[in-house]
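A quick write-up on the structure given underneath.
The values are calculated or read from the model by the stated rules, or taken from the named source; none is laboratory data. No experiment lies behind these values; they were computed from the predicted model shown. Cβ: placed from backbone, ideal geometry, glycine included. Neighbour counts: every protein chain shown. Ligands, DNA and RNA are excluded from the accessible area calculation, which covers all protein heavy atoms including side chains. Shrake-Rupley method; radii C 1.70, N 1.55, O 1.52, S 1.80 Å.
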Amino acid sequence: MAIIWYRVGFILLSFAVLVAHSAPQNALVSQLPGYSGSFPSKHYSGYVTINEATGKKLFYYLVESEGNPSKDPLVLWLNGGPGCSSFDGFVYEHGPFNFEKTKQGLPKLHLNPYSWSKVSSVLYVDSPAGVGLSYADDTSEYITGDLKTATDSHDFVLKIIILFLCYGIVNVLISATQWFELYPEFLSNPFFIAGESYAGVYVPTLANEVAKGIDAGVKPVINLKGYMVGNGVTDEAFDGNALVPFAHGMGLISDDLYQETTRECNGNFYNPLERSCEEKLQEVDREVDGLNIYDILEPCYHDSAAKDATDIKIRLPSSFLELGATERPLPVRTRLFGRAWPLRANVREGIVPTWPELLSSSDVPCTDDEVATEWLNNEAVRAAINAEPKNVSGDWELCTNRIRFSHDAGSMMKYHRNLTMKGYRALIFSGDHDMCVPFTGSEAWTRAMGYKIVDKWRPWISNGEVAGYTQGYENNLTFLTIKGAGHTVPEYKPTEALNFYSRFLAGKAI
């Protein structure tokens, strides 16, 4: 398994370098509907067939660095869910464009001054099959999980090498190792893995397997530098215990209710053992019902069907299906669906329920990410980005209910410990007004690692203002909050996000 995952990380780096410098012309994105200018860097996209027999294909989109792509870091970006498209990050967070909704026709695209491609190449991948623009002809491929997704990722990068060799990147059939021997200058490119929400699972597991391959002495050696996780799910106990102290600290529940809940649950909020504890937790849920779970400061759209829907263990607050306005230069959405678990539905082993299952309905209300949905379901757009038409790959959805996904990787703390003890840099960042994966959980588990504090809790500064707080630990582990941000930090605080992102990639103090 270690060698398999090392090959995943190694070939991902190989792929990005190949694309950035020698990509086949049919992968080049030369224009995009809604945008009339020239791109500040090269873009490439397309499919890689994972399984010919079942027609399983994964979609990728690479944005080359606007600086020096031969030397700038490569960052592999993954959105969470599980089941959410990485175009979420591309369209709404840190991609090269801001999307302006128009009264008629497609959105108008403007260059994003806070794009993460300002300082790095960014590779967006829709994974697993069934997510975003990725698909399979045999729908049995949509039954998947953490481990199967890892296997598919391995197949994905292997097929990429075959694909690009067939298109004549080099004129002889050589291995990836031989390619790096011919072009050793590319070995120095720093490689990072980043993501948010359920990618709190994807990121450390991938980084850990890449590191294992390096330790095994497999050549050439990938230049893995570190990883980033934003408001990421991590551990059943720490994630599950985060909401109650968050709600109390934010003034959303009273001192009395907090003390009563703590007493009845004995501090165990994620797995109530007594009826009295569950009753107090339901009272907490009622108090925060109606708030925007992804940013408690933002307005919330209320939907009666969602409010009344109840799972056997989970009651969904109506706010889970809505997102308020953001501070991006061109606000693009007022609704959000399905980035992570609903209230108190922390990471647990086994099947992750789909939203129709949670809502006891065949339809999910308020799934209206209008700009991305309209743009990515337009056939001219699909042709421009080398994506299949809707009658082949299906409609694009921000978060799909096509897959049946099992969480089978366990707690991520052991992965973080292994990576940081090896010296890889880890940035765990949290929007401090996210109630979905509250900062209180991330702060608690980073502290529970038991590492010595080397940079005591302090404010960090962006554009002369306090942008949040940070605490640094030995072994290159950093915890960071972003003041006023919600679950998707770059969407709420694009300036601050680019600031800490740039510093982290450069190895500078934040």
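Heavy-atom accessible surface of His248, to the nearest 10 Å², is about 50 Å², with a 1.4 Å probe and all protein chains retained. Looking at segment 414-461, the trypsin sites (Lys or Arg not before Pro) that sit in a DSSP loop and have at most 14 other Cβ atoms within 10 Å of their own Cβ are Lys452.
Subtracting the Cα-Cα distance of Glu465 and Gln282 from 0.36 nm times their residue separation leaves 62.0 nm of extension gain. Taking packing as the residue-averaged number of other Cβ atoms within 10 angstrom, the listed peptides 70-81, 189-200, 132-143 run from highest to lowest as 189-200, 70-81, 132-143. Dipole magnitude for segment 184-275: about 460 debye, using +1 per Lys or Arg Cβ and -1 per Asp or Glu Cβ, origin at the Cα centre. Listed by chain and number, the lysines placed with their C-alpha closer than 27 angstrom to that of Lys103 are Lys390, Lys493; residues fewer than eight positions away on the same chain are left out. Remark: the Cα gyration tensor places segment 393-474 in the oblate category, a/c being 1.5 or greater and a/b not exceeding b/c.
Cross-link reach is defined here as a Cα-Cα straight distance under 16 Å, omitting same-chain residues fewer than 8 places apart; for Lys71 the lysines meeting it are Lys42, Lys118, Lys225.
Placing +1 on each Lys and Arg Cβ and -1 on each Asp and Glu Cβ, with no other charges, gives segment 68-148 a dipole about its Cα centre of roughly 480 debye.
Computed extension gain for Gln104 through Asn377, at 0.36 nm per residue and net of the alpha carbon distance, reaches 96.8 nm. Cross-link pairs exceeding 20 Å in C-alpha to C-alpha distance, out of Lys456/Lys483; Lys57/Lys212; Lys57/Lys148, comprise Lys57/Lys212. A simple spin-label model places pseudo-atoms 7 Å from Cα toward Cβ; at Glu349 and Glu370 they are separated by 4.5 nm.
Were the residues from Asn68 through Asp215 laid out at 0.36 nm apart, the gain over their Cα-Cα distance would be 50.0 nm. Overall form of segment 430-510: oblate. Here a/c, set by the Cα gyration tensor axes a ≥ b ≥ c, is 1.5 or more, and a/b is not larger than b/c.
Identify all lysines with a Cα-Cα distance to Lys280 below 24 Å; exclude those on the same chain that are fewer than 8 residues away in sequence. Straight-line reach from Lys280, under 24 Å: Lys307, Lys313.
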